[in-house]
Structure formats: C-alpha cells, structure tokens
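Read through the structure below, which is laid out as structure tokens, and then see the notes.
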Amino acid sequence: MKKSTLAAAAALLALPVTATAQNAFASGTVTATAKI
Amino acid sequence: MVTVTKLADLDFGTIAPGSGATITPGTVPTGTGQSMGALKIDFNSGASVAGPTASGLSLSGAPDLPVTFSCGYSLTQTGALSGSATACSAVPNLTYTGTGASVTRYLQVGGSINAADTSNRVPGTYTANLQFTVTALN
C-alpha cells in the first residue's frame, strides 16, 4: 500500500466522531389584558 | 419532543379606578370578562420552561400598569394546580416518568393588580405578551 494511502487512512481513523443531540423546543405566547 | 399550544389569554376584565384584580392559577376566575391564561404542553421527556420577566401591562402614552404574574401546572386547563403557584419567570422544570409516550400538562397563567395602581391612571386597555419557551431535556 502506498504511503499516501496509508496516511489518508490514518487521517480518517483520527477523525473524531461527533453526535449532536438537538434539544427540541417550542414556545407559546399568552396575551395579558386589563381595561381601566 | 415538546409542543406548546395556547388555549386562552389572561384577561383581568374591566377594573374600576381604585380597585384591584387578581386571577389565581388553580381557581376559575369569576369576575365579568375575566379569564385565566393557559398553555397546553405536550412532552415525552423532562423539559425546562422559561417564562417572561414582565412586571406590567402597557398602554401607549401611559405609564405601565404593574402586575405580579403567577403561574402553575395543572392536569387540566382550569383545574387545581399540581404543586403551588410561582412567579412566571421561575416555573419549575417538567418532570417525565414515562417510557416515551407523550404526556400533557397545562400551564395556567394568572396575576394580581393592586388597587393603588389603578387610581389616577390613564384609562384604556393595557396589554402585554407573555412568551413561554419549553425545551426538552435529554
């Protein structure tokens, strides 16, 4: 195997595996009213 | 997963100058034109709720009308609270003990206006938008 191929494979193995969990969110708005 | 649905707005009705008004979470309001605010929250994991820090209602050209907002969770839109009412800016997290199925809680929104704050006030309709953001906790 060529050195360059080995280097590329090694670089791939070194890549960190990142899993990102997104928090689900939702919002709601209540309108408050008072008449004076 | 969380979803939030607004079911009702908070309305203190018409307040005579020199009178106060209180809408208490967990208690159905009885005054004319009064209604308690309510949000329906569906969730299938623990969730945090960020409430507003508003402390008054606004009318263009007039000083704000002070209001102490209070909130509480219930199993129904207008029923008794599960726990006690708190400031809307400090509602506790929603806990989840299920195994994945969505459950529902209702956030009731009330408040109190002091009689002293309605005297000598510019007449009109004072309003505020109270935004609540619910975030699922992984």
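Counting the residues of the range B:107-138 that are under 16 Å from B:Lys40 (Cβ atoms), in contact with a Cys (Cβ under 8 Å, 6 or more places away or on another chain) and not polar (S, T, N, Q) gives 4.
So which residues in the range B:90-100 are buried (at least 16 other Cβ atoms within 10 Å of the Cβ) and either polar (S, T, N, Q) or under 21 Å from A:Ala32 (Cα atoms) (or both)?
B:Val91
Taking the range B:52-86 as the range and being assigned to a loop (DSSP other than H, G, I, E, B), in contact (Cβ under 8 Å) with a residue 24 or more places away in the chain and either over 12 Å from the mean Cα position of the chain (by Cα) or more than 10 Å from every other protein chain (Cβ to nearest Cβ) (or both) as the test, the residues that pass are B:Thr53, B:Gly61, B:Leu75, B:Thr76, B:Gln77, B:Thr78, B:Gly79, B:Ala80, B:Ala85. Taking each residue of the range B:34-50 that is assigned to a loop (DSSP other than H, G, I, E, B) and looking for partners that are surrounded by 24 or more Cβ atoms within 10 Å (Cβ to Cβ) with beta-carbon atoms closer than 7 Å, six or more apart or interchain, yields B:Met36/B:Leu10; B:Met36/B:Ile23; B:Met36/B:Pro25; B:Met36/B:Gln108; B:Met36/B:Val109; B:Met36/B:Gly110.
Values quoted throughout were computed directly from the atomic coordinates according to the rules given, and no laboratory measurement underlies them. For clarity, every value in this text was computed on a predicted model and none was experimentally measured. Cβ: placed from backbone, ideal geometry, glycine included. Neighbour counts: every protein chain shown.
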